[in-house]
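Colleague: Please find one structure pasted underneath; my questions will follow.
The values are calculated or read from the model by the stated rules, or taken from the named source; none is laboratory data. Predicted model only: the values in this text are computed from it and were never measured. Note that each Cβ is placed from the backbone with ideal geometry, even for glycine, and that neighbours are counted across all protein chains shown.
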């Protein structure tokens, strides 16, 4: 516990401006690494002052647990470090390092995942049936191994601050707010609250939602930035979601006959209305998107053939969007700038509370299995429960439980079920 004790004192000094000095090698190293990370944040201010940042945190919504995963590097010669920042309304952010990220084995896994997504996308183009399934099953197993073997980010490492507090409670007597933040740092303790995850551009391609401790029990929602959390919360309609107030578009290109046969009767049985096998008239689609609580798209891509990004941007929608096409919420990195995705940002800008979609290419039959189970789970959500959410049963319902099941993620903020 000595090492954790030193870390605790340093975190106290950074978070509340108090706490004893610590001059051990491990403590000084951590201090310098944290200083480098804090200094790097100045590049994300875009002219905002420290007071602006304090005001932002003061006004963050209390309904969510908000965490940020960031990668920082002191110099080109030093190792990259992973930091977890916990934001809480009215309290100073708490920043802790996640050990193990700097190890070569972990860096190789991260690099491998970038190329793995390219291989996943390519595998969908294979025409030989035997080669197709052999390749897809192999990739499915590799995604599973990478997710289950991500030892640098575990429940234990996220909760070590709780152990520090329990053993050294006297250090925190005069830091009540900090203690509260420590207690909430363990996301397993706060699992009743949705976890809003802000992911660094170097990590945004990793499906963290599928790590064992997340996949089983934690509702995870991604957002592009901490500023975006507050802005979107203030913009979106916060009325409870009426499940039967929904509209769907299934296979508007009329090339996925089996998706129409699998999904349309099921959706109609729920009382949903929509269009299948054809593009809806824009005026009809505009009216539906502006008044419906749920919008489902099942077809190729993100549905951009149904409306232009300009038309979407001008909409004032309140729908939560479920976009079950290939790479529908995939983000791209432009040079040194943060990852961006036109679909995600356009839907958020239009007022959509959340967007569920795929991070890479998927096959229609398997993603249809996911879609039906996912919608069924949302229909069974109790009044007041946050929706949408991705349930483990929907991921497990896929034939390829990681190659297809790990692809869907959610961007945005959840609302309560009516």
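Colleague: I need every pair where a residue in segment 371-395 that is touching a residue at least 12 places away in the same chain (Cβ under 8 Å) and on the phi > 0 side of the Ramachandran plot has its Cβ under 6 Å from the Cβ of a residue that is in a strand (DSSP E or B) and surrounded by 14 or more Cβ atoms within 10 Å (Cβ to Cβ), sequence separation at least 6 or different chains.
Modeller: Hits for this filter: 384/416.
Colleague: Right, something else. Scan segment 328-338 for residues that are in a loop (DSSP other than H, G, I, E, B) and either within 19 Å of residue 121 (Cα to Cα) or at pLDDT 70 or above (or both) and report the count.
Modeller: Residues flagged as in a loop (DSSP other than H, G, I, E, B) and either within 19 Å of residue 121 (Cα to Cα) or at pLDDT 70 or above (or both) within segment 328-338 amount to 5.
For every residue, the table says whether it meets (1) assigned to a helix (DSSP H, G or I); (2) under 19 Å from the mean Cα position of the chain (by Cα).
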position	(1), (2)
351	no, yes
370	yes, yes
376	yes, no
383	no, no
398	no, no
401	no, yes
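Colleague: OK, next. Go through 315, 348 for me and flag whichever is more than 22 Å from residue 368 (Cβ to Cβ) and surrounded by 22 or more Cβ atoms within 10 Å (Cβ to Cβ).
Modeller: Step by step, each of 315, 348 is checked, and only 348 is more than 22 Å from residue 368 (Cβ to Cβ) and surrounded by 22 or more Cβ atoms within 10 Å (Cβ to Cβ).
Colleague: Another question, if that's okay. Can you find even one residue in segment 281-296 that is surrounded by fewer than 17 Cβ atoms within 10 Å (Cβ to Cβ), in a strand (DSSP E or B), in the same structural domain as residue 328 (by TED's automatic domain parsing) and in contact with a strand residue (DSSP E or B) (Cβ under 8 Å, 6 or more places away or on another chain)?
Modeller: The answer is no; no qualifying residue exists.
For every residue, the table says whether it meets (1) surrounded by fewer than 19 Cβ atoms within 10 Å (Cβ to Cβ); (2) in contact with a helix residue (DSSP H, G or I) (Cβ under 6 Å, 6 or more places away or on another chain); (3) touching a residue at least 12 places away in the same chain (Cβ under 8 Å).
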position	(1), (2), (3)
63	yes, no, yes
68	no, no, yes
72	no, yes, yes
76	yes, no, no
79	yes, no, yes
90	yes, yes, yes
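Colleague: Would you mind telling me which numbered condition in (1) under 16 Å from the mean Cα position of the chain (by Cα); (2) surrounded by 23 or more Cβ atoms within 10 Å (Cβ to Cβ); (3) more than 16 Å from residue 390 (Cα to Cα) residue 302 fails?
Modeller: Against the list (1) under 16 Å from the mean Cα position of the chain (by Cα); (2) surrounded by 23 or more Cβ atoms within 10 Å (Cβ to Cβ); (3) more than 16 Å from residue 390 (Cα to Cα), residue 302 comes up short only on (1).
Colleague: Something else about it: Of the residues that sit in segment 234-271 and are assigned to a helix (DSSP H, G or I) and in contact (Cβ under 8 Å) with a residue 40 or more places away in the chain, which one is surrounded by the most Cβ atoms within 10 Å (Cβ to Cβ)?
Modeller: Across segment 234-271, the extreme among qualifying residues is 263.
Colleague: I would also like to ask the following. Identify the single condition in (1) closer than 19 Å to residue 209 by Cα; (2) not in a helix (DSSP H, G or I) that residue 303 does not satisfy, given that it satisfies every other one.
Modeller: Here residue 303 meets the rest and fails (1).
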